[in-house]
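Colleague: A single structure is presented below for examination.
The values are calculated or read from the model by the stated rules, or taken from the named source; none is laboratory data. Owing to the predicted nature of the structure, the values given are computational and were not obtained by experimental measurement. All Cβ positions, even for glycine, are placed from backbone atoms using ideal geometry, and neighbour counts span all protein chains on display.
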Amino acid sequence: MRVWSWLVVGMAVVGTGAAAGCTNPLARQYEYDEQLYLDVDGSAQLVVASSIAALVALRNLPLNPDPSVPVDRERVRQLFSDPACGEVTVNRPWTRSGRRFVQIVLEQDDVRRFAGCGPVSWSTFSFERTGTEDAQSEVHYTQIVGAPTPGDPGQVNWTGQELVGFKLHLPSRILHHNVRRIEDGEPGQADRGNILTWEQTLTDRRASRPIEMEVRMLGQSILNRALWLFAGAFTAAVTLIVVAVWVVIRRARKTRQTFAGGRM
């Protein structure tokens, strides 16, 4: 697993702890969201955070949406236990607005395999790269989120303002994207940390309004480039020190030879 992957897993766990322990009134809150951490080699981690009611309403998962019933993490893990889902981790549930939430982390060597993972199979994934994995290559990624698999969550205290989000975390410089803001449909910008967010209301998601995600980025990660630059700088510094030491030693030898010749 690359360094990027380990960072992703760590951020996902920390994010779950923060969500479970407190609520930031200024932060964007989602009833259901998928955060995809994509690497330049096509491997990915998909973090699904959702209320149990939304998992039932959008994916028809056989879970109990009753907020008085604790979340069965083992049952959730079983529902995602499929080779296409990759490695599965179910983090500690939390409660918000009187509804129970849970986070599932999926890890896969090829992001395109997620299309066969039942609970997230409403999406098609495309990953194409041009050239080799170097600074001159590019990655073209597209994802189309199609219709949900409707389920009946019963009576839920939704207000109609609930949001659904799809976030893409990228490790390299973004060359193009088609993000649109939910407020006015105008082109959006990448958030800090190369994060792109596509949003719609829960009502629109339940009504099968599709989301089309497209992005092009450089084919080498910022982290890899930084490591190569650091390695190059370190090598240059060591080489400079070696050359300086060699020059000093050579001058010292010439000085001793000249001094010895003068005494003879």
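Colleague: Looking only at segment 195-236, how many residues end up being of a type in the set (Val, Ile, Thr), over 17 Å from residue 33 (Cβ atoms) and modelled with pLDDT under 95?
Modeller: Adding up the residues that qualify gives 2.
Colleague: Cβ contacts < 6 Å: first residue within 17 Å of residue 206 (Cα to Cα) and touching a residue at least 12 places away in the same chain (Cβ under 8 Å), restricted to segment 58-72; second residue surrounded by fewer than 17 Cβ atoms within 10 Å (Cβ to Cβ) and not basic (Lys, Arg), any location; separation 6+ or different chain. Result?
Modeller: Partner pairs satisfying both residue conditions: 59/149; 60/149.
Colleague: Looking at segment 109-119, is at least one residue part of a strand (DSSP E or B), of a type in the set (Asp, Glu), out of contact with any helix residue (DSSP H, G or I) (no Cβ under 7 Å at 6 or more places or on another chain) and assigned by TED's automatic domain parsing to the domain that holds residue 79?
Modeller: There is no residue in segment 109-119 that is part of a strand (DSSP E or B), of a type in the set (Asp, Glu), out of contact with any helix residue (DSSP H, G or I) (no Cβ under 7 Å at 6 or more places or on another chain) and assigned by TED's automatic domain parsing to the domain that holds residue 79.
Colleague: Within segment 20-73, restricting attention to residues that are among the hydroxyl-bearing types (Ser, Thr, Tyr) and modelled with pLDDT of 95 or more, which residue is surrounded by the most Cβ atoms within 10 Å (Cβ to Cβ)?
Modeller: 51
Colleague: Also, I was wondering about something else. Evaluate segment 88-108: report whether one residue or more is within 21 Å of residue 169 (Cβ to Cβ), hydroxyl-bearing (Ser, Thr, Tyr) and out of contact with any Ser or Thr (no Cβ under 8 Å at 6 or more places or on another chain).
Modeller: Scanning segment 88-108, I find at least one residue that is within 21 Å of residue 169 (Cβ to Cβ), hydroxyl-bearing (Ser, Thr, Tyr) and out of contact with any Ser or Thr (no Cβ under 8 Å at 6 or more places or on another chain), so the answer is yes.
This table checks each residue for (1) in contact with a helix residue (DSSP H, G or I) (Cβ under 6 Å, 6 or more places away or on another chain); (2) under 15 Å from residue 106 (Cβ atoms); (3) not hydrophobic (A, V, I, L, M, F, W, C).
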| residue | (1), (2), (3) |
| --- | --- |
| 34 | no, yes, yes |
| 39 | yes, yes, yes |
| 48 | no, yes, no |
| 51 | no, no, yes |
| 57 | no, no, no |
| 65 | yes, no, yes |
| 71 | no, no, no |
| 74 | no, no, yes |
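Colleague: Looking only at segment 120-162, how many residues end up being out of contact with any Lys or Arg (no Cβ under 8 Å at 6 or more places or on another chain), among the polar types (S, T, N, Q) and assigned to a loop (DSSP other than H, G, I, E, B)?
Modeller: Count: 6.
Colleague: Scanning segment 59-108 for residues that are outside any loop (DSSP other than H, G, I, E, B) and among the β-branched types (Val, Ile, Thr), which turns out nearest to residue 45 (Cα to Cα)?
Modeller: Applying the filter and picking the extreme gives 105.
Colleague: How many residues does segment 103-133 contain that are hydrophobic (A, V, I, L, M, F, W, C) and under 19 Å from residue 148 (Cα atoms)?
Modeller: 7
Colleague: Also, I was wondering about something else. Evaluate the following for residue 146: is it touching a residue at least 24 places away in the same chain (Cβ under 8 Å), assigned by TED's automatic domain parsing to the domain that holds residue 204 and surrounded by fewer than 15 Cβ atoms within 10 Å (Cβ to Cβ)?
Modeller: yes
Colleague: Restrict the check to segment 100-116 and report whether at least one residue is over 20 Å from the mean Cα position of the chain (by Cα), surrounded by 15 or more Cβ atoms within 10 Å (Cβ to Cβ) and on the phi < 0 side of the Ramachandran plot.
Modeller: yes
Colleague: In a helix (DSSP H, G or I) and at pLDDT below 55, is that true of residue 9?
Modeller: yes
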